[in-house]
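Heads up, the thing below is written out as structure tokens.
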Amino acid sequence: MTEGPHVTESTRGKPLIVVDGVEKSFGDFRALHAIDLTVHSGEVVVVIGPSGSGKSTLCRCINRLETIDAGQITIDGRQLPEEGRALARLRAEVGMVFQAFNLFAHKTALENVTLGPTKVRGTPRNAAERRGRELLDRVGVGAKAGSYPAELSGGQQQRVAIARALAMDPKVILFDEPTSALDPEYIAEVLDVMAELARDGMTMVVVTHEMGFARRAADRVVFMADGGILEEGAPADFFDSPRTQRARDFLARVL
Ligand code: ADP
Ligand code: MG
């Protein structure tokens, strides 16, 4: 396996997500202040930071699960629409994988994966199922296509959730602590699938406490604290010589 950044200045694609001066408050609590972040096509950005620093809120704003109070967010050059069909279309371009697996309990793995394409994209059922099986194979759960979530391990469920995100052919996938709810023995299999996606060139924003993954798979590490981005840089630079005391304290606790 190749280690380290796989996107260099020369191979880096166009800006895919541009977060510009974004602010977000809940009541009078400011959860995000003056966030600027650009994610380029093919890039893997790992977001780390203490609990409560605004990582999930940032992901939710990018996917417009939250409104923003100031600034703007563009996906592939287009500003996020307020609502309606335009929002649904744009949101379909941004896949999301959450901490809790969020699969539909009364649907099989394959049905979970084909639901979006058939309902949102209008893909014919046959084509959606063919592609769904390919994707389940790709994440290593092809044999479980007919199983219900309750019959799958946490690691298998999360891999189905990744296949479900991929089924919409998103331009980028946001992962919000995808392994935090897993029993330890299942973490590696999910991180391996994510590392493979990264190698295949998928654009990814990954919130995680898995520092080994960050070091191995990230092109760039973003460190958040108190609703702001305090540092960002190549993983080796960040982990070996963090510039802020906040980052040093954080790394001392998690490494
Ligand atoms: P992280 O993901 O880094 O742990 P979050 O983005 O979940 O942090 O939360 C950032 C801050 O915003 C926290 O203090 C949290 O309590 C607050 N917060 C998040 N969502 C809401 C909400 N819907 N209502 C009120 N406060 C919220
Ligand atoms: Mg969070």
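The values are calculated or read from the model by the stated rules, or taken from the named source; none is laboratory data. Being a predicted model, the structure only gives us computed values, none of them experimental. Glycine gets a Cβ as well: all are built from the backbone with ideal geometry, and neighbour counts include every protein chain shown. Protein only, heavy atoms only, side chains kept; ligands, DNA and RNA dropped before computing areas. Shrake-Rupley method; radii C 1.70, N 1.55, O 1.52, S 1.80 Å.
Helix 125-138 versus the longest principal axis of the chain: what angle, 0 to 90°, nearest 10, using Cα atoms?
60 degrees
Antiparallel DSSP bridges in the chain: what percent, to the nearest 5?
55 percent
On a 0 to 90° scale, report how tilted helix 154-166 is relative to the longest principal axis of the chain, with both axes built from alpha carbons and the result rounded to the nearest 10.
90 degrees
Based on the alpha-carbon gyration tensor of region 1-121 and its eigenvalue square roots a ≥ b ≥ c, which shape applies: rounded if a/c is under 1.5, prolate if not and a/b is larger than b/c, or oblate?
rounded
When only Cα pairs under 8 Å and 6 or more residues apart are kept, what is the percent relative contact order across the chain?
Contact order relative to length: 27 percent.
As an exercise, find the ratio Rg/Rh for region 20-89 from alpha-carbon atoms, using the Kirkwood inverse-distance average for Rh.
With Rh from the inverse mean 1/r over Cα pairs, Rg/Rh is 0.96.
How big is D, in µm² s⁻¹, for region 152-229 by Stokes-Einstein at 20 °C and 1.002 mPa s if Rh is the Kirkwood radius over C-alpha pairs?
Taking Rh from Cα pairs, D becomes 163 µm²/s.
Just the number, please: carbon plus sulfur as a percent of the accessible area of region 165-244, 1.4 Å probe, no ligands or DNA/RNA counted.
Roughly 45 percent, rounded to a whole number.
Any chance you could check the Cα centroid distance between region 136-167 and region 179-209 for me, in angstrom?
Here the two parts' Cα centres lie 14 Å apart.
Would you list, by chain and number, the lysines whose Cα falls below 24 Å from the Cα of Lys107, excluding same-chain residues fewer than 8 positions away?
Those lysines meeting the cut-off are Lys119, Lys144.
Starting at 0 and stepping by 5 Å, how many percent of the alpha carbon pairs of region 194-243 end up in each bin?
5, 20, 30, 25, 13, 6, 1
Suppose every Lys and Arg Cβ carries +1 and every Asp and Glu Cβ carries -1, with no other charges. What dipole size does region 163-255 come out with about its Cα centre, to the nearest 20 debye?
280 debye
Among residues other than Glu185 whose Cβ falls under 15 Å from its Cβ, what is the net charge (Lys/Arg +1, Asp/Glu -1)?
Neighbour charge sum, excluding Glu185 itself: -3.
Take every Cα-Cα distance within the chain, group them into 5 Å bins from 0 onward, and report for each bin the whole-number percent of pairs it holds.
In whole percents, the pair-distance histogram is 1, 6, 13, 17, 19, 17, 13, 8, 4, 1, 0, 0.
In straight Cα distance, which aspartates and glutamates are under 14 Å from Lys171, not counting same-chain residues fewer than 8 positions off?
Glu43, Asp76, Glu93, Asp200
Excluding ligands, DNA and RNA, what is the solvent-accessible area per residue of the chain at a probe of 1.4 Å, expressed in Å²?
That works out to 46 Å² for each residue.
Nearest 5 is fine: what % of DSSP beta bridges in region 149-255 come out antiparallel, could you say?
So the antiparallel bridges amount to about 50 percent of the total.
What is the helix-to-structure angle for 245-254, meaning the angle in degrees between its Cα long axis and the longest Cα principal axis of the chain, kept from 0 to 90 and rounded to the nearest 10?
Approximately 40 degrees, to the nearest 10.
Longest segment of the chain with no GluC sites (Glu not before Pro) in a DSSP loop having at most 14 other Cβ atoms within 10 Å?
It runs 84-255.
Could you tell me which of rounded, prolate or oblate describes region 97-156, using a ≥ b ≥ c as the square roots of the eigenvalues of the alpha-carbon gyration tensor, with rounded for a/c under 1.5 and, failing that, prolate when a/b is larger than b/c and oblate otherwise?
prolate
Quick check: convex hull over the Cα atoms of region 111-255, volume per residue in Å³, rounded to an integer?
124 Å³
Amide H to amide H, which residues 5 or more places from Ala31 or on other chains are under 5 Å from it, using H placed in the peptide plane?
Lys24, Ser25, Phe26
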